[in-house]
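J.: Dumping the structure here so I can ask a few things about it.
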Amino acid sequence: MKSVAFAVGLLAMGGTAFAAPASALDYPTNSTRPGLNSLMKLNDGRYFGTAASAVHFNDSKWLSVLQDSDMFGSMTPENSQKWEATEPERGLFDFAAADLNVQKAQEAGQMVRCHTLIWYNGLPDWITSQTWTNETLIAVMENHIKEVVTHFKGQCYSWDVVNEAVNDDGSYRETIWYNTIGPEYIAMAYNMVAKYDPDAKLYYNDYGIEFINNKTLGAIALVKDLKEKGVKVDGVGIQGHYPVVLAPSYEDQVEVLQRFADLGVEVATTELDVFVEIPEKVEQVAMQTAIYADSVRACVDVPACIGVTVWGFYDPYSWVPGTVPGYGNADLFWANWTAKPAYDAIVNALLPKE
Ligand code: G3I
């Protein structure tokens, strides 16, 4: 009842003036806005989360937004749980940055989507610069999973166990894992994580699977195969990194989320951001606005979709400009902390309809 009253209050405000949730922070925006997680919760208890990198925790402004649980109900450590961060030298584990990530989430009452264990990227040199046998690489994999998963046991809502294992044509990506161990590395990884943390939800997470194409069909086949083998896989994350000119429609996303859900897993959008060409053009900001809203609506309209995570919320800290030349401004807040039209479009998408 309390949430319904809150929503009705918001609706009554109408137009551009929004009611402030009780713990809203003084964002230096043109108006005070309702938090996205509070609104998302009104939609059958879903969460709205964000990725966050521990390197920004000394930015008190950014941290106050990150830790506003009206705004975000879930946090994904952006980099600190990756292999190069947690086991930079063989057998030497460093959890300092990741512990800080988890601590900040816990302080804010946010759940943690733990990210990520077996990926071709974010690997330290000691793995990529030598040749392994099948046996030695499996042993290295199990030791890493055992140490990391045990360290965070009980603190992860979910683990992105295998990340980005499929090529655009639907075949297996030829990673060090695939080339050395064979496709069996995938089931092995899930079995190992289930062994060391039986309570975490185990996800397959990938990009480019947000509309039906060969890659998506490959990912569907992969998850289906794991399920048929009795491997514990609980969820699929569709990442959602979109240049405005190449984003899936609302219908595409509903279809894909449902196709994965039909395999008997929960689904989530795990890394949403929408990048525009720099310098920014008004038309592309309008496209960005619609794409953000469509993604959130798609999740809300698929019963098995439990939440949406944005891959950061503040443009200056986005991964995009450093990786995708000519693109940027992918997040919900501009550098001057003004909320973008995409923010308000998400609010409108989330407000209960009559
Ligand atoms: O921490 C080191 C620092 O010590 C070093 O001096 C510096 C020099 O390059 O690099 C720093 O590490 C960088 C790290 O981000 C932390 O800032 C890496 O080079 C850089 O490659 C890394 O980029 C991250 C990327 O994944 C690769 O791990 C991005 O921040 C992160 O947003 C991005 O996130 C990925 C998801 O995990 C998976 N899906 C796609 C998504 C976007 O690419």
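Values in this text are rule-based calculations from the coordinates and carry no lab data. The shown structure was predicted, so the numbers you read here are calculated from the model rather than taken from an experiment. Because the Cβ atoms are built from the backbone with ideal geometry, glycine has one as well, and the counts that use them run over all protein chains shown.
J.: In the structure shown, do any of 104/353; 195/227; 195/215 have a Cα-Cα gap over 22 Å, and if so which?
T.: 104/353; 195/215
J.: Then there is this: Under 12 Å from the Cα of residue 224, which aspartates and glutamates turn up, not counting those fewer than eight places away in the same chain?
T.: Partners within reach: 234, 262.
J.: Efficiency by 1/(1 + (r/R0)^6): what FRET value for residue 56 and residue 136, r their Cβ-Cβ distance, R0 = 41 Å, to the nearest 0.05?
T.: With a Förster radius of 41 Å, E is 0.65.
J.: What order, most packed first, do the peptides 181-188, 66-73 have when packing is the mean number of other Cβ atoms within 10 Å of each residue?
T.: Highest mean packing first, the order is 66-73, 181-188.
J.: May I pose another question? Hey, what do the phi angles of the range 131-137 turn into as Karplus ³J(HN,Hα) couplings, whole Hz, using 6.51/-1.76/1.60 and θ = phi - 60°, x for Gly and Pro?
T.: Along the range 131-137, the couplings run 9, 10, 8, 3, 5, 5, 6 Hz.
J.: Let me ask something additional. For the chain, taking Cα atoms only, what is the radius of gyration to one decimal and the Dmax to the nearest whole Å?
T.: In Å, with Rg to one decimal and Dmax whole: 19.9, 65.
J.: Sticking with this one: State the antiparallel share, in %, of DSSP beta bridges confined to the chain, rounding to the nearest 5.
T.: 15 percent
J.: Could you go through the range 195-204 in sequence order and give the Karplus-derived ³J(HN,Hα) for each residue, using 6.51 cos²θ - 1.76 cosθ + 1.60 with θ = phi - 60°, rounded to whole Hz, and x for Gly and Pro?
T.: 5, 8, 8, x, 8, 6, 6, 9, 10, 9
J.: Let me ask something else. Output the 0 to 90 degree angle, nearest 10, between the alpha-carbon long axis of helix 282-300 and the longest principal axis computed from the alpha carbons of the chain.
T.: With rounding to tens, the tilt is 70 degrees.
J.: Please express the shape of the range 188-320 as an equivalent ellipsoid: the semi-axes are the square roots of 5 times the eigenvalues of the C-alpha gyration tensor, given largest first in whole angstrom.
T.: Listed largest to smallest, the semi-axes of the range 188-320 are 29, 16, 12 Å.
J.: Quick check on the range 135-263: what are the equivalent-ellipsoid semi-axes from the Cα gyration tensor, as sqrt(5λ), descending, whole Å?
T.: 26, 17, 13
J.: Shifting gears a bit: Pull up all non-local amide H partners of residue 327: gap of 5 or more, or a different chain, and H-to-H distance under 5 Å with H placed in the peptide plane.
T.: 278
J.: Related question: So if I place +1 on the C-beta of Lys and Arg and -1 on the C-beta of Asp and Glu, and nothing else carries charge, what would the dipole magnitude of the range 115-174 be about its Cα centre? I want it in debye, nearest 20.
T.: Computed about the Cα centre, the dipole is about 300 debye.
J.: Could you work out the local net charge near residue 305, counting Lys and Arg as +1, Asp and Glu as -1, over the other residues with Cβ closer than 10 Å to its Cβ?
T.: Local charge sum for residue 305: -2.
J.: Treating the angle as unsigned and between 0 and 90°, give the value, to the nearest 10°, between the Cα long axis of helix 2-13 and the longest Cα principal axis of the chain.
T.: With both axes taken from Cα atoms, the answer is about 50 degrees.
J.: Bins of 5 Å, beginning at zero and ending with the bin holding the largest distance: percent of Cα pairs per bin for the range 21-173, please.
T.: 2, 9, 16, 18, 16, 13, 10, 8, 5, 3, 1, 0
J.: Could you name the aspartates and glutamates in cross-link range of residue 61, using Cα to Cα under 12 Å and dropping any fewer than eight places away on the same chain?
T.: Within the straight-line limit of under 12 Å, residue 61 reaches these aspartates and glutamates: 26.
J.: Amide H of residue 275: which non-local residues (sequence gap of 5 or more, or other chain) have their own amide H closer than 5 Å, using H built in the peptide plane?
T.: It is 242, 244, by chain and number.
J.: Run down the lysines and flag those whose C-alpha is under 25 Å from the C-alpha of residue 281, throwing out any fewer than 8 positions away in its chain.
T.: 340
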